[in-house]
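Notes follow once the structure below has been shown.
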Amino acid sequence: MEKKAVLSCIQPTGDMHLGNYFGAIKNWVDLQKDYRCMYGVVDYHAMTMPYDVDKLRLNTWELITNLMACGIETNNLFVQSLVPEHAELSWILNCYCSYGQLTRMTQFKDKSSQVGELGKDDFVSVGLLSYPVLQASDILIYRADYVPVGKDQEQHLELTRDIAQRFNNAVGKEFFVLPEALYTDTPKIRSTADPSRKMSKSAGEKHYISVFAESERIRKQIKSAVTDTGEVDKNQMSEGVHNLFELIKACGNLLAYDALLEDYNKGKLKYSDLKDVTASSVLELVKPFQERKLQINLNKKDIKDKVRSSSHEIRKVAQETLKEVKELVGLLNVKF
Ligand code: ADP
């Protein structure tokens, strides 16, 4: 039986941290066994918030290298702007999506209110408003069956299904596949510097641990992790301590996890031991990724050629879908 198609995308917005790895990338790597996977590095999306023009291209190649180092197969990767049909379909689908629905997107409300804080002015682009339509195009253009989503993306997937349904109703046939969410139990990793917030790039350097940072830096960040703050509630594990346990578990160091938990339950856990084990578990996890990255970087040209050709391959599917869409909506289909 043909494998079902999975599509997922990531923005090239800089470093890859442990939250990204455990919350998304590890799952992507695992899905490759059972599904036909297409993973997009979505550079058009990265333009929706204030960004550094000189860094975007560098970040795109850097992310591709990082994804490959973590175990994503090159054949499954593509770069969004190398498949311009995404943007073309997005225009067409803009006409099948209501303005009101876009303004009600939680992420639009959150991000548009952040713009003034992050950028020099309070410019909110139409790109930020219509980005879920581009996301719908990313998914629908490949007729993806499943999209691995976290809670934060559920609303966008629902919008994709609405757009697909509206389009199908308008053209009178089940043209687009209505994609389904693929829920997976991924841990939410918190900032070690402030466990009340999630690990994230946007909060600043001390709030994330990069998968590709030097060992010393990783060790230092974990050593200085916040464990208990102020009043200690004996019946409830603090968020900081819980986060370190989660990291050990996510790294797969289950024996150490059980032993430390036993110590914790007996009230004799030393936080220095917990931090040592967390640091060694994380370092053991990232070591092969870092080594692979060094190898990949020895052959940069080779990688660029491979990603260009996988984007070219996947583009054929996108071109086919767009050709049929143009036919259905009454646009000219002329070959020059
Ligand atoms: P950031 O918040 O650092 O900018 P992104 O929003 O680019 O990260 O997230 C990319 C992917 O990583 C998304 O799938 C997101 O759900 C996941 N992710 C980000 N931060 C975390 C975290 N702290 N824990 C688990 N998953 C996360």
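Give me the distance between the Cα centres of the range 206-220 and the range 138-181, rounded to whole Å.
The range 206-220 and the range 138-181 have Cα centres spaced 38 Å from each other.
With a probe of 1.4 Å, find how much accessible area the chain has per residue, and write the answer as a whole number in Å².
54
If you take the Cα Rg of the chain and divide it by 2.2 N^0.38 Å, with N the number of residues, what do you get?
Against the compact-globule rule of thumb, the ratio is 1.09.
Rank these by accessible area, largest first, 1.4 Å probe: PHE212, PHE336.
PHE336, PHE212
State the answer as a single residue: which of ASN169, ILE189, VAL149 lies farthest towards the positive end of the charge dipole of the range 147-189, with beta carbon charges of +1 for Lys and Arg and -1 for Asp and Glu, about the Cα centre.
Farthest along the dipole direction, towards plus: ASN169.
Whenever you get a sec, line up ARG292, ARG161 from highest to lowest accessible area (probe 1.4 Å, protein heavy atoms).
Details: ARG292 100, ARG161 70 Å².
Largest accessible area first, the list is ARG292, ARG161.
Pick out, from GLY204, ALA259, LEU269, the residue whose Cα sits farthest towards the positive end of the charge dipole of the range 201-294, with +1 on the Cβ of Lys and Arg and -1 on the Cβ of Asp and Glu.
Farthest towards the positive end: GLY204.
Any idea what the dipole of the range 201-294 comes to, in debye rounded to 20, about its Cα centre with Lys/Arg Cβ at +1 and Asp/Glu Cβ at -1?
320
With only Lys, Arg, Asp and Glu charged, each at its Cβ (+1 for the first two, -1 for the last two), find how big the charge dipole of the chain is about the Cα centre; round to the nearest 20 debye.
The calculation lands at about 500 debye.
Looking at the range 233-295, which chymotrypsin sites (Phe, Trp or Tyr not before Pro) are DSSP coil and have at most 11 other C-beta atoms within 10 Å of their C-beta?
Hits after loop and neighbour filter: nothing returned.
Treat every Asp and Glu Cβ in the range 18-88 as -1 and every Lys and Arg Cβ as +1, leave all other atoms uncharged, and give the resulting dipole magnitude about the Cα centre to the nearest 20 debye. Before the final figure, lay out the partial values.
On the way: 5 positive and 9 negative charges, 42 e Å.
It comes to approximately 200 debye.
Taking a probe of 1.4 angstrom, what is the accessible area of CYS95 in Å², to the nearest 10?
90
Using Cα-Cα distances under 8 Å and only pairs 6 or more residues apart, what relative contact order does the chain have, in percent?
21
When N counts the residues of the range 174-296, how does its alpha-carbon radius of gyration compare numerically with 2.2 N^0.38 Å, as a ratio?
1.24
Please work out the C-alpha center-to-center distance from the range 186-203 to the range 276-291 and express it in whole Å.
Comparing the Cα centres of the range 186-203 and the range 276-291, I get a distance of 18 Å.
The values are calculated or read from the model by the stated rules, or taken from the named source; none is laboratory data. Owing to the predicted nature of the structure, the values given are computational and were not obtained by experimental measurement. Don't worry about glycine lacking a Cβ; one is built from the backbone with ideal geometry, like all the others, and counts go over all protein chains shown. Ligands, DNA and RNA are excluded from the accessible area calculation, which covers all protein heavy atoms including side chains. Shrake-Rupley method; radii C 1.70, N 1.55, O 1.52, S 1.80 Å.
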